[in-house]
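Student: The following block contains the structure, expressed as structure tokens.
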Amino acid sequence: MPTRIDRLLPRLFQFGLLILLCLGAWQCRHGWPVSSDLLSLLPPTRGDALQRQAQARVQEPLTRQMIALVGARKREDAVAQARALGARMTASRLFVRVQTDYSPDLAAVRAALLAGRVAMLPAADRQLLENDPAAYAARRAREIVDPFSAAGLIPLDQDWLGLTRRIQDALSPGGAVQFDPASDTLQAVHDGRTWVMVRAETIGSAFDQQSPRKVAALMRQARQELQAHQSRLLVTGGALFADAGRRQAVRESSLIGAGSVLGIVLVLLLALRRWRALLAFVPAAVGFLAGFVACVAVFGQIHVLTLVVGASLIGFVVDFPMHWLGKRYGIADWQAWPVMRRVLPGLTLSLAASLVGYVALAFTPFPALTQISVFSTAGLLGAYACTVCQMPAWFARWQPRPQPALARWADVLLGAIRTLHGRRAARRSIVFAGVLLCAGGIARLNLHDDLRQWLALPAPLLQQARQIGQITGFMPTSQFFLVRADSDDELLRRTSRVDAALERLKTKHELASYLSLSQLVAPIARQRQTQTRLADLAAQARPWQAFEQAGIPIHAIQAELRTLAALPPVGIKAALAGPQAEAWRGLWLGRHDGQSAGIVTLQGLPDAAVLAGVAAGIPGVTLVDQNSELNHMFTTTRIEAALLKLASYVLAALILLATLGRHATWRILAVPLAATCCTLAALGYLGCPLTLFSIFGLLLVSAIGVDYAVFIYERIAGPQACLVGIALAASCTLFSFGLLAFSGTPAIASFGLTVALGIVFCLLIAPWLSFSNKESPSHGNT
């Protein structure tokens with residue numbers, strides 16, 4: 001007969017579930033709050049606000065910019081098809097800006113070049129002009145009389161010294177991409193094809209809900225049509241990677257969810273042989289809802305990676321009803337509420353041990369793991385509440401029907417363990433062999449952590465990005481230099497010192513190229529120094545004899561020198577305002593806390609280690625290398641995770657000491673400890689490296705091992721019922737975490753494989769506790 005509390009608990013649970021459903025519906029009132037932002041998975045950059053601003057500036061192109069190359073055997077075909085692609089992209093209304101034709105405002109460019117002849121003159125030409133004007137004049141005279149010398153934008157009579165031509169050469173993009181005046185497009189020739197560049201900027205972020213999917217669909221359709229014309233399309237951009245990541249996450253979460261559900265349905269129907277047993281899924285659904293609502297409430301949204309890992313929670317939380325329903329194998333007159341009261345302490349201990357494992361994830365610096373921790377903790381609490389409060393009401397006046405074959409299997413296995421346990425020599429041999437095998441496997445383990453384990457970048461997109469880099473020379477890196485100084489002039493001086501070090505790397509082919517503000521404009525004090533020198537040179541005729549020999553009157557040169565000496569100086573802001581400075585505008589961070597700040601970006605860096613000494617001895621210059629910082633953080637966090645694992649054992653020991661006593665504590669803890677060692681050894685034999693995610697997986701193995709050991713040790717309804725219960729629970733959990741091992745994301749696969757191996761070893765080791773329990777009273781009741 002149900003008690004008053006038995007009638008009250010379902011009502012409380014239903015009221016709480018109604019609130020949860022209403023809260024979830026309210027959170028989704030503007031659409032699904034699901035994010036696929038890869039950058040949000042990473043810890044924030046260390047350093048002050050300015051460094052974080054610089055990091056965001058460098059990462060900005062990853063979120064909105066796209067580069068497409070249309071290649072054809074004939075140049076005319078490539079130009080026409082690139083323009084058609086650009087028109088199509090514009091018509092899609094998915095892009096803020098699509099640029100195929102580059103028709104610069106030549107009048108504005110000429111005006112900026114003439115005004116900046118002193119300010120923007122490259123350093124090498126400046127030194128030659130000041131220190132050896134005769135040599136400069138001779139070189140310029142040869143250019144003037146050379147009929148094959150390329151003409152500049154400025155007429156000869158307005159720039160006898162050719163300073164604008166020098167500036168043009170220094171500011172040209174370089175690499176294989178060249179401006180084609182005939183078509184007003186940027187082109188490169190590679191592998192027998194002419195490639196025409198199309199640059200675009202998406203309206204939405206690469207990580208919003210809709211635009212990446214539409215952009216990817218547009219590019220797929222465009223590629224098919226170009227292939228029909230024997231042309232090729234290469235395209236790269238953050239939107240395409242985000243769409244691929246989202247599709248993979250949806251595919252994997254669907255596969256894991258469907259695989260888990262199918263496997264658990266089979267286990268429930270085969271083991272309990274009643275359709276009502278499928279209600280055991282309800283705690284999983286409630287747990288998933290609770291995790292979703294908790295994540296959105298805490299973080300404002302939920303990441304697709306959390307959904308993938310969260311899908312595995314389905315198999316884990318089914319353990320609660322499995323332990324309860326499995327007691328039917330040992331209790332002939334199984335009744336829902338009375339049996340629930342008997343297993344409630346064990347379920348509560350299991351919940352506490354599992355929460356220890358999941359909560360530990362929240363103490364890491366990685367947002368992704370923190371979100372998984374919140375999701376799983378809320379999910380476990382929701383599933384526990386559903387199992388304890390609601391499930392007995394649904395299963396009142398109903399009994400599962402045990403599977404005789406499963407009961408016989410449990411008897412056979414327990415009999416074998418009993419026989420071996422009773423023979424001291426055999427027991428010692430098994431322990432000795434296990435220790436040797438574990439030592440051998442653990443000795444083979446390799447430690448390996450890398451940022452790339454977080455991402456499963458599709459090979460076709462990576463291949464296209466590499467091809468675009470080979471054709472255009474556009475190979476951005478995540479490393480950059482942050483430069484600060486008290487004034488704009490000092491900032492440019494410090495930046496030029498960085499430039500000098502980077503030039504040495506270029507000479508040794510350790511760096512392809514770089515962009516810095518000092519390439520664009522010189523310090524104002526340096527401009528004035530140059531103008532003073534030019535004023536002196538204007539009074540001299542001898543250095544300019546080469547011009548006279550080329551037919552150019554010296555007085556014209558002297559007049560130009562006086563004009564240059566009188567030009568107003570150009571600061572950073574004025575230089576960046578010109579149409580020629582588009583590529584440099586993102587490098588200027590402005591004034592912050594009384595300091596000027598800028599960044600130096602890099603292209604084509606095979607080995608970031610060569611940057612180690614670049615900033616040495618230059619005050620105010622910081623090398624920002626987020627990849628290196630994250631990899632270092634992985635190592636640090638791995639140590640912290642190991643300490644967390646030890647802490648979880650201590651906490652579990654305290655809980656067990658308080659509830660079951662010292663005798664039970666050591667025996668119960670021996671199960672997860674042994675399973676952990678066996679899992680490490682198995683990873684070693686399989687050749688799988690020990691990663692940060694493997695260690696986090698071991699945290700869960702500890703929780704699961706304690707869970708199984710507690711139920712075996714308590715022996716409620718007898719060892720057979722307990723063994724069947726943990727076997728059913730392990731089967732359901734394996735369906736979830738085992739499928740995670742096949743994820744395309746290395747971190748998730750490592751996590752899933754570790755947990756799956758740990759569950760297997762927990763299942764193999766825990767039954768031995770059935771014959772070591774000498775103090776706990778037997779609760780067998782058949």
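Each row is one residue, and each column tells you yes or no for (1) within 25 Å of ARG638 (Cα to Cα); (2) touching a Leu at 6+ places or on another chain (Cβ under 6 Å).
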position: ALA674; (1), (2): yes, no
position: LEU690; (1), (2): yes, yes
position: TYR713; (1), (2): no, yes
position: VAL755; (1), (2): yes, yes
position: PHE761; (1), (2): yes, no
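Student: Tell me which residues, restricted to the range 438-455, are crowded, with 19+ Cβ neighbours inside 10 Å and either in a strand (DSSP E or B) or at pLDDT below 85 (or both). Step through it out loud before you land on a result.
Tutor: Taking the range 438-455 and keeping what is crowded, with 19+ Cβ neighbours inside 10 Å, we get 438, 441, 449, 453-454.
Within the range 438-455, ASP449, GLN453, TRP454 meet the criteria.
Student: From LEU669, LEU692, LEU686, LEU673, which residue is surrounded by 21 or more Cβ atoms within 10 Å (Cβ to Cβ) and either within 27 Å of the chain's Cα centre (by Cα) or at pLDDT 80 or above (or both)? Steps first, answer last, please.
Tutor: Working: LEU669 fails: surrounded by 21 or more Cβ atoms within 10 Å (Cβ to Cβ); LEU686 fails: surrounded by 21 or more Cβ atoms within 10 Å (Cβ to Cβ); LEU673 fails: surrounded by 21 or more Cβ atoms within 10 Å (Cβ to Cβ).
So the residue among LEU669, LEU692, LEU686, LEU673 that is surrounded by 21 or more Cβ atoms within 10 Å (Cβ to Cβ) and either within 27 Å of the chain's Cα centre (by Cα) or at pLDDT 80 or above (or both) is LEU692.
Student: If you go through the range 1-29, how many residues are under 41 Å from the mean Cα position of the chain (by Cα) and among the basic types (Lys, Arg)?
Tutor: Number satisfying all stated conditions: 1.
Student: Please enumerate the residues belonging to the range 22-31 that are surrounded by 13 or more Cβ atoms within 10 Å (Cβ to Cβ) and of a type in the set (A, V, I, L, M, F, W, C). Give the steps one after another, and end with the answer.
Tutor: Initially, the range 22-31 is screened for residues surrounded by 13 or more Cβ atoms within 10 Å (Cβ to Cβ), giving 23-24, 27-28.
Answer for the range 22-31, where residues must be surrounded by 13 or more Cβ atoms within 10 Å (Cβ to Cβ) and of a type in the set (A, V, I, L, M, F, W, C): LEU23, CYS28.
Student: On to the next question. Condition check: over 30 Å from GLN81 (Cα atoms) and surrounded by fewer than 20 Cβ atoms within 10 Å (Cβ to Cβ). Does LEU272 satisfy that? Talk me through it step by step, then tell me what you get.
Tutor: Working: over 30 Å from GLN81 (Cα atoms): yes; surrounded by fewer than 20 Cβ atoms within 10 Å (Cβ to Cβ): no.
So LEU272 does not fit the description; no.
Student: Right, here's the next one. How many of the residues making up the range 563-574 are in a helix (DSSP H, G or I) and either among the hydroxyl-bearing types (Ser, Thr, Tyr) or surrounded by 14 or more Cβ atoms within 10 Å (Cβ to Cβ) (or both)? Spell out how you get there, then give the answer.
Tutor: Taking the range 563-574 and keeping what is in a helix (DSSP H, G or I), we get 563-565, 572-574.
Checking the rest, the ones that are also either among the hydroxyl-bearing types (Ser, Thr, Tyr) or surrounded by 14 or more Cβ atoms within 10 Å (Cβ to Cβ) (or both) come to 563-565, 572, 574.
So the answer is 5.
Student: I'd like to check which helices (runs of 4 or more DSSP H) are fully inside the range 95-189 and have at least 1 residues that are more than 48 Å from the chain's Cα centre (by Cα). Before you say what the answer is, go through the steps one by one.
Tutor: Numbers: elements: 106-115, 123-131, 133-145, 163-171.
It comes to 123-131, 133-145.
Student: Report whether or not ALA200 is surrounded by 15 or more Cβ atoms within 10 Å (Cβ to Cβ) and at pLDDT 80 or above. Spell out how you get there, then give the answer.
Tutor: Working: surrounded by 15 or more Cβ atoms within 10 Å (Cβ to Cβ): yes; at pLDDT 80 or above: yes.
For ALA200, the condition - surrounded by 15 or more Cβ atoms within 10 Å (Cβ to Cβ) and at pLDDT 80 or above - is met.
Student: Which of the numbered conditions does ILE331 fail, given that it passes all the others? Conditions: (1) within 22 Å of the chain's Cα centre (by Cα); (2) open to solvent by less than 10 Å² (accessible area, probe 1.4 Å).
Tutor: It fails just one condition, (1).
Student: Let me ask something additional. Filter the range 508-530 for residues that are part of a helix (DSSP H, G or I) and crowded, with 19+ Cβ neighbours inside 10 Å and give the result.
Tutor: If the condition is that a residue be part of a helix (DSSP H, G or I) and crowded, with 19+ Cβ neighbours inside 10 Å, then LEU517, SER518, GLN519, ARG526, GLN527, THR530 are the ones that fit.
Student: Moving to a separate point now. Would it be correct to say that GLY604 is touching a helix residue (DSSP H, G or I) at 6+ places or on another chain (Cβ under 6 Å), open to solvent by less than 50 Å² (accessible area, probe 1.4 Å) and either at pLDDT 90 or above or not polar (S, T, N, Q) (or both)?
Tutor: On the way: touching a helix residue (DSSP H, G or I) at 6+ places or on another chain (Cβ under 6 Å): no; open to solvent by less than 50 Å² (accessible area, probe 1.4 Å): yes; either at pLDDT 90 or above or not polar (S, T, N, Q) (or both): yes.
No; evaluated as a whole, the condition is false for this residue.
Student: Additional query: Going through the range 59-91 one residue at a time, which ones are under 19 Å from PHE474 (Cβ atoms) and either among the aliphatic types (A, V, I, L, M) or touching an Asp or Glu at 6+ places or on another chain (Cβ under 7 Å) (or both)?
Tutor: Within the range 59-91, the subset under 19 Å from PHE474 (Cβ atoms) is 59-71, 78, 82, 85-86, 89.
The answer is LEU62, ARG64, GLN65, MET66, ILE67, ALA68, LEU69, VAL70, ALA78, ALA82, LEU85, MET89.
Student: Please go through the range 67-82 and pick out each residue that is buried (at least 23 other Cβ atoms within 10 Å of the Cβ) and part of a strand (DSSP E or B).
Tutor: If the condition is that a residue be buried (at least 23 other Cβ atoms within 10 Å of the Cβ) and part of a strand (DSSP E or B), then ALA68, LEU69, VAL70, GLY71 are the ones that fit.
Student: Let me ask something else about it. How do the pairs read when you match residues in the range 478-501 that are within 16 Å of GLN603 (Cβ to Cβ) and open to solvent by 30 Å² or more (accessible area, probe 1.4 Å) with residues anywhere that are part of a strand (DSSP E or B) and among the aromatic types (Phe, Trp, Tyr), using Cβ under 7 Å and keeping only pairs 6 or more apart or on different chains?
Tutor: none
Student: Considering only the range 750-772, state which residues are in a helix (DSSP H, G or I), among the small types (Gly, Ala, Ser) and open to solvent by 10 Å² or more (accessible area, probe 1.4 Å).
Tutor: Residues of the range 750-772 in a helix (DSSP H, G or I): 750-771.
Narrowing further to those that are among the small types (Gly, Ala, Ser): 750, 752, 756, 758, 766, 770.
Listed by number, the residues that qualify are SER750, ALA756.
Student: Then there's this: Among the residues of the range 356-397, which ones are without any contact (Cβ under 8 Å) to a residue 40 or more places away in the chain and under 16 Å from VAL701 (Cα atoms)?
Tutor: VAL359, SER373
Student: Now for a separate question. Among the candidates ASP184, ASP243, ASP180, which residue alone is among the acidic types (Asp, Glu) and surrounded by 21 or more Cβ atoms within 10 Å (Cβ to Cβ)?
Tutor: Working: ASP184 fails: surrounded by 21 or more Cβ atoms within 10 Å (Cβ to Cβ); ASP180 fails: surrounded by 21 or more Cβ atoms within 10 Å (Cβ to Cβ).
From the options ASP184, ASP243, ASP180, the qualifying one is ASP243.
Student: What tally of residues in the range 627-654 results from selecting those that are open to solvent by 50 Å² or more (accessible area, probe 1.4 Å) and charged (D, E, K, R)?
Tutor: Result for the range 627-654: 1.
The values are calculated or read from the model by the stated rules, or taken from the named source; none is laboratory data. This structure is a prediction, so every number in the text was calculated from the model and none was measured. So basically every Cβ, Gly included, is an ideal-geometry build from the backbone, and we count neighbours across all protein chains shown. To get the accessible areas, we keep the full protein, side chains included, count just its heavy atoms, and leave off ligands, DNA and RNA. Shrake-Rupley method; radii C 1.70, N 1.55, O 1.52, S 1.80 Å.
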